Amino acid sequence: MKSLGNIRREFAPWNKPDAKPYIQFKNVTKRFGDFTAVNNLSLSIYEREFFALLGASGCGKSTLLRMLAGFEEPTSGQILLDGQDLRGIPPYRRPVNMMFQSYALFPHMTVEQNIAFGLKQDGMPKAEIEQRVTDMLKLVKLGQFAKRKPHQLSGGQRQRVALARAVAKRPKVLLLDEPLGALDKKLREETQFELMDLQQTLGLTFVVVTHDQEEAMTMADRIAILDKGEVMQVATPAEVYEAPGSRFVADFVGNINMFEGKVADRDSSGATITSANGVTIRTANAGDAAAGSEVAFAIRPEKIKVSSKKPENGDNVMEGEIYDIAYLGDMTIFHVQLGNGQVVKASSLNATRATEDPLSWDDKAWISFRNDAGVVLTR
Amino acid sequence: MNSSWSRFNITAIVLGFAFLYLPIVLLVIFSFNESKLVTVWGGFSTKWYVSLFHNQGLMDAAWVTIRVGLISATMATVLGTLAALALTRYTRFRGRVLFSGMVFAPLVMPEVITGLSLLLLFVAVGLDRGFFTLTLAHITFSMCFVAVVVQSRLVTFDRSLEEAAMDLGAPPVKTFFQITLPVILPAIISGWMLAFTLSIDDLVISSFTSGPGATTLPMKIYSQVRLGVTPEINAACTILIAIVACGVIAASLVNKRREVQRLRDEQAAQRG
């Protein structure tokens, strides 16, 4: 049997040209009155994929999910599930199930009855329902709570009941609306991994909506970043983080330093960028940026090294002053003010308990980074 | 916080309660009066209760009142719940504001006007006034109270419960009966109780819309009082008060117990 890691490592249907998408949004637009929630959006999701829709509130991610579930119909465009057009099919006839943000557990029913509800609607024989409910309770480790009502459960337990209820019918696709939003941090981290295991065990396609990028990065095979009803980028978590496609994505996901400027020189080994505020940067990853074009050079804080002495060698070295320090325990974030006034964030891992090179407020400091550490953004 | 019994507090409470309950207490006390004179105490007796049950007129009126109350409360609950559903759910239909205003107008409409207009309607349509018109009138005025009670519950109703049910394969009608109705049932029941109570003690509208053979208890009491208050009437009123008080106390006890149980469950859940 293959390990989970191997399955996940090999799983990349979006790179295969002949792979057929399982869920397809084709030029979907959804308007509520004058407000356009989703704007001419196209997206493909593959079978067994763990797909995350990430965005700030009001970006249209929940509307996409609700259209997939059948609670909203697109104003124009098409949604296909396994080749079938979903238009006009009511929610109760769609082979998808949803886990609601509020969990939406039926308050007048016990945990058991909640889980059995969907199965009963299908007219499944009683014995089979009982068996399935028992299996589901075991899966989410809630066996001893079968006879409890939702208000007798803690937040984490309710979340599990909601999950069990949504997967009980073995849907083709499971939709999760902010599945971990109501849990506290510790519980959220645990539950993330449980969700991933569950997805692998059941072999389902998961579409999860979240505003929490850490959650999306941890769980998803691919992430779609949405803004104002449009897809900004669809990529694996690593691609989204290391090779953002636009200033918006770079800024939205994680922390980043941006240098707005022009491509001063362009050759086969990279490009030289002069920023508007007078910093010159040499970079190896210039993408398709042409000489003279307006670009932004973006670099993540952890890729910048801070030191009190000038580094012997380094592709890009700049002098500055420590402006602020945020000590987070596992790492420290230095805000370094450059000569031109720009503040650059640089984080360093606190690998040892005591640093031999302690930097303090207002100290002179040098920042340096390799020429393959950042990316050039044209959009 | 100072929670001791200051002289001011005590005075305020005594005055307030006296204002509210003195007339009722007097009525109850005099219902046990031996004397036939209402305002003169002649010793304790329960004879007026015995004679009350032999007063065929009063007993008939009580029976009419109960039947009208049961039928009109039930009908008003059905109609009021439907109205509340329409008003909270279909927020985008044309004329919604007008419609909701019209449903709630009878709440503040003077009873005389409601009664008179119903009377005019019944005359115009040619309906003989009696038990049927009485019941119709009661449905009309108590329906809006039910609508208010049920609507206030529906406003806080989590629509995702219904969506979850549909998502799990339940068509809309099934969703309504299996999810929506059970969840809002307490509000519907209290709406019914409110409608029943309103129907039982209505006098003005009943007087306008009733006819021969359909005299309600309040109407009967009122007409008898005009000939002079008898201790029998006091006894009848005392029984009415007892019934209402028992109902209210029972309802609040049930509510209280449910609340306590719920709190205990939630605490248990928090502990894990």
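Here is how the numbers come out for the structure above:
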{"read-out": "Filter result for the condition that a residue is surrounded by 20 or more Cβ atoms within 10 Å (Cβ to Cβ) and either small (Gly, Ala, Ser) or modelled with pLDDT under 90 (or both), over A:Ala127, A:Ala164, A:Ala146", "value": "A:Ala164"}
{"read-out": "Options A:Leu153, A:Leu204, A:Leu139: the member that is over 14 Å from the mean Cα position of the chain (by Cα), surrounded by 15 or more Cβ atoms within 10 Å (Cβ to Cβ) and farther than 26 Å from A:Glu47 by Cβ", "value": "A:Leu153"}
{"read-out": "Residue in the stretch B:121-128 that is within 13 Å of chain A (Cβ to nearest Cβ) and not basic (Lys, Arg) present", "value": "no"}
{"read-out": "Conditions (1) assigned to a helix (DSSP H, G or I); (2) crowded, with 18+ Cβ neighbours inside 10 Å; (3) modelled with pLDDT of 90 or more; number of the one not met by B:Gly169", "value": "(1)"}
{"read-out": "Every residue from the stretch A:120-140 that is free of Cβ contacts under 8 Å to residues at least 24 places away in the same chain and touching a helix residue (DSSP H, G or I) at 6+ places or on another chain (Cβ under 7 Å)", "value": "A:Lys120, A:Ile129"}
{"read-out": "Check on A:Ala104, touching an Asp or Glu at 6+ places or on another chain (Cβ under 7 Å), in contact (Cβ under 8 Å) with a residue 24 or more places away in the chain and at the interface with chain B (Cβ under 8 Å from one of its Cβ atoms)", "value": "yes"}
{"read-out": "Single match in A:Leu377, A:Leu328, A:Leu349 (criterion: in contact with a Pro (Cβ under 9 Å, 6 or more places away or on another chain) and closer than 27 Å to A:Glu239 by Cβ)", "value": "A:Leu377"}
{"read-out": "Residue, nearest to A:Phe32 (Cα to Cα), within the stretch A:69-86, restricted to residues that are among the aliphatic types (A, V, I, L, M) and more than 14 Å from chain B (Cβ to nearest Cβ)", "value": "A:Ile79"}
{"read-out": "Total residues in the stretch B:3-35, condition touching a Gly at 6+ places or on another chain (Cβ under 8 Å) and over 15 Å from B:Thr238 (Cβ atoms)", "value": "2"}
{"read-out": "Matching option when the condition is in a helix (DSSP H, G or I) and either among the aliphatic types (A, V, I, L, M) or at pLDDT 90 or above (or both), among A:Leu187, A:Leu175", "value": "A:Leu187"}
{"read-out": "Number of positions in the stretch A:52-77 that are over 23 Å from A:Ile223 (Cβ atoms) and either surrounded by fewer than 22 Cβ atoms within 10 Å (Cβ to Cβ) or not assigned by TED's automatic domain parsing to the domain that holds A:Met232 (or both)", "value": "4"}
{"read-out": "Leading residue by the ranking (nearest to the other protein chains (Cβ to nearest Cβ)) among those in the stretch B:143-168 that are more than 18 Å from the chain's Cα centre (by Cα) and among the hydroxyl-bearing types (Ser, Thr, Tyr)", "value": "B:Ser160"}
{"read-out": "Filter result for A:Ala264 (touching a residue at least 12 places away in the same chain (Cβ under 8 Å) and outside any strand (DSSP E or B))", "value": "no"}
{"read-out": "Number of positions in the stretch A:39-51 that are surrounded by 22 or more Cβ atoms within 10 Å (Cβ to Cβ) and either assigned to a helix (DSSP H, G or I) or on the phi > 0 side of the Ramachandran plot (or both)", "value": "0"}
{"read-out": "Which numbered condition B:Ile184 fails, given (1) crowded, with 17+ Cβ neighbours inside 10 Å; (2) under 18 Å from the mean Cα position of the chain (by Cα); (3) within 14 Å of chain A (Cβ to nearest Cβ)", "value": "(2)"}
{"read-out": "Flag if A:Ser308 is surrounded by 13 or more Cβ atoms within 10 Å (Cβ to Cβ) and either under 29 Å from A:Ile333 (Cβ atoms) or of a type in the set (Ser, Thr, Tyr) (or both)", "value": "yes"}
{"read-out": "Among residues of the stretch A:142-160, those that are more than 11 Å from chain B (Cβ to nearest Cβ) and touching a Lys or Arg at 6+ places or on another chain (Cβ under 9 Å), counted", "value": "2"}
{"read-out": "Condition check for B:Val25: assigned to a loop (DSSP other than H, G, I, E, B), out of contact with any helix residue (DSSP H, G or I) (no Cβ under 7 Å at 6 or more places or on another chain) and either hydroxyl-bearing (Ser, Thr, Tyr) or without any contact (Cβ under 8 Å) to a residue 24 or more places away in the chain (or both)", "value": "no"}
{"read-out": "Filtered residues of the stretch A:73-105 (kept if under 20 Å from A:Ser62 (Cβ atoms) and basic (Lys, Arg))", "value": "A:Arg87, A:Arg94"}
{"read-out": "Filtered residue count, the stretch B:68-90, keeping only those that are over 19 Å from B:Ile184 (Cα atoms) and surrounded by fewer than 22 Cβ atoms within 10 Å (Cβ to Cβ)", "value": "2"}
{"read-out": "Test: residue in the stretch A:294-302 that is loosely packed, with under 15 Cβ neighbours inside 10 Å and either under 30 Å from A:Gly77 (Cβ atoms) or touching a strand residue (DSSP E or B) at 6+ places or on another chain (Cβ under 9 Å) (or both)", "value": "yes"}
{"read-out": "Residues satisfying the stated conditions in the stretch A:107-141, i.e. among the charged types (D, E, K, R), more than 10 Å from chain B (Cβ to nearest Cβ) and in a helix (DSSP H, G or I)", "value": "A:Glu112, A:Lys126, A:Glu128, A:Glu130, A:Arg132, A:Asp135, A:Lys138"}
{"read-out": "Some residue of the stretch B:101-120 being farther than 30 Å from B:Leu181 by Cβ and either among the acidic types (Asp, Glu) or in contact with a strand residue (DSSP E or B) (Cβ under 6 Å, 6 or more places away or on another chain) (or both)", "value": "yes"}
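Let's see how each residue does on (1) over 17 Å from B:Ile24 (Cα atoms); (2) surrounded by fewer than 13 Cβ atoms within 10 Å (Cβ to Cβ):
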| position | (1), (2) |
| --- | --- |
| B:Pro212 | yes, yes |
| B:Ile243 | no, yes |
| B:Val248 | no, yes |
| B:Lys256 | yes, yes |
| B:Arg262 | yes, no |
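For every residue, the table says whether it meets (1) assigned to a helix (DSSP H, G or I); (2) in contact (Cβ under 8 Å) with a residue 24 or more places away in the chain.
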| position | (1), (2) |
| --- | --- |
| B:Ala214 | no, yes |
| B:Met219 | yes, yes |
| B:Ile241 | yes, yes |
| B:Val244 | yes, yes |
| B:Arg257 | yes, no |
| B:Arg264 | yes, no |
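The values are calculated or read from the model by the stated rules, or taken from the named source; none is laboratory data. This structure is a prediction, so every number in the text was calculated from the model and none was measured. Note that we place each Cβ from the backbone using ideal geometry, even for glycine, and neighbour counts take in every protein chain shown.
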